Amino acid sequence: MADKLLGSFVWCELMTSDKAGAESFYKKVVGWGTEPFGPDGSYTVLNNSTGVGVGGIMTLPAEAKGMPPCWMMYIGTPDVDAMAMRVAQLGGRVLKQPSEIPNVGRFAVVSDPYGAVFNIFTPRGPDMDRSKGTGRFSWFELYTPNPEGAWKFYESLFGWEKTSAMDMGEMGVYQMFGRGGGIPNGGIMKPPPGAPPAWMPYALVKDAKGAAAAATANGGKIVNGPMEVPGGDWIAVGVDPQGATFAVHSLNPAAQAAAAAVKTAKKVAAAVTAAAVLGAAAKKIKAKLATSRKAAPKKKATAAKKKPTSAKATGGGPT
C-alpha cells in the first residue's frame, strides 16, 4: 500500500470564491457529477463517469485570504509528518502543519523551493480506483521557473522517474515523468509569460474541442487551444468564471475508436460465451426431461401389474 500511495496523485481540489457557480460551470464543461459532503454539505465531491469521487470543490477558507481561486493537488505519502519534514529539508516550505480531517485522512499544505503549492496526503478508508472513465484527472503539469531544480526536489520526495522529453524551443524542454514502468502521467515546464509557479491537473473529457466550446459558452475563457499534441490527443487550457486556470484532455480519436471496438468485441465474446453456456444447459435439461418421460410409463405398467396380484392375494374385489 505504501509503495502504491507514495507519489501518486490522490485527489484534486478547486478552491474558489463562488462554489455554486463553479459547480455549474464544471458540470457543463467536464460532465462531473456532484454530491455534497460533510455535516453541513459545504464541500462538494466531483464524481467521474463511473461514479467514483476524483476531486472536490470548496470555498476559499478564511486563512487563504488574498489567494486567487485555484486547483490544488493532493500527492500521496504513507507518513505526512515525516514528509513535511523532508519538504523543509529539501528547501521547500510547510505552509500548514500536518493535521487530521476526521474519517478522511491526514494532510499538510507545502510548497516546493520555487513557489508551487501542493498538499501531501495520507487517505483513510478504502482504496478507490480512479483510473477509469471520463472525468478522471489524467495528466498533472508543473509550471516552474527552474524545471531542473524542481525535478530534483520532487524526485527526492516521491521517487518519480523521468520518461521522455520534448524540446519546445524558446519555452525550453518539456520533461515528462512517471512513477515507474516508463508510463508518464505528468510533465514539468517553464510557466507561460505572466503565469506563477503552480500545479495544474488535466480532466479527461470525451472531446476537448467540445469542452472548450462549453467553457466559452458558460463564462470561461480559453487561453491555449484546443490543440492536438504529439500522439494525437487534444488539450485545451482556460480560465473559469471565478479566475481559476483549468485544463481538459481528450484521447486520440483513433485510439478511442480502437478502445471502443475492443470493448464491443469483448461484449460480443461474452454474449457468445453466455449463449453457449445457456445452450449446453438447455441440452442437459432436455436430456433429463426425455429420460424422465421414458421412465414414467414403465412405473405405471409395473403398478398396473401389481394391483391385480395384490387383489388375489388378499381376496379383495367386489363381493
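Dividing the mean sequence gap of close Cα pairs (under 8 Å, 6+ apart) by how many residues the range 131-223 holds gives a relative contact order of 36 percent.
Using C-alpha pairs under 8 Å with a sequence gap of at least 6, the mean separation divided by the residue count of the range 172-233 gives a relative contact order of 17 percent.
Once the piece of chain linking E155 and R93 is laid out straight, how much longer is it, given 0.36 nm per residue of separation minus the C-alpha distance between them?
The E155-R93 span can extend by a further 20.7 nm.
Excluding P98 itself, what net charge comes from residues whose Cβ is under 11 Å from its Cβ, given Lys and Arg +1 and Asp and Glu -1? Counting the neighbours of P98, the net charge comes to -1.
Using 0.36 nm per residue and subtracting the Cα-Cα separation, the extra length available between F37 and I101 on full extension is 21.8 nm.
Residues Y143, Y154 ordered from highest to lowest accessible area at a 1.4 Å probe: Y143, Y154.
Summarising the label geometry, the points placed 7 Å from Cα in the beta-carbon direction at N146 and S131 lie 3.4 nm from one another.
Subtracting the Cα-Cα distance of A165 and I222 from 0.36 nm times their residue separation leaves 18.0 nm of extension gain.
The values are calculated or read from the model by the stated rules, or taken from the named source; none is laboratory data. As the structure is a computational prediction, the values presented were derived from the model and not from experiment. For neighbour counting, all protein chains shown are included, and Cβ atoms are generated from backbone atoms with ideal geometry for every residue, glycine included. For the accessible areas, the whole protein counts, side chains as well, though only heavy atoms, and no ligand, DNA or RNA atoms are used. Shrake-Rupley method; radii C 1.70, N 1.55, O 1.52, S 1.80 Å.
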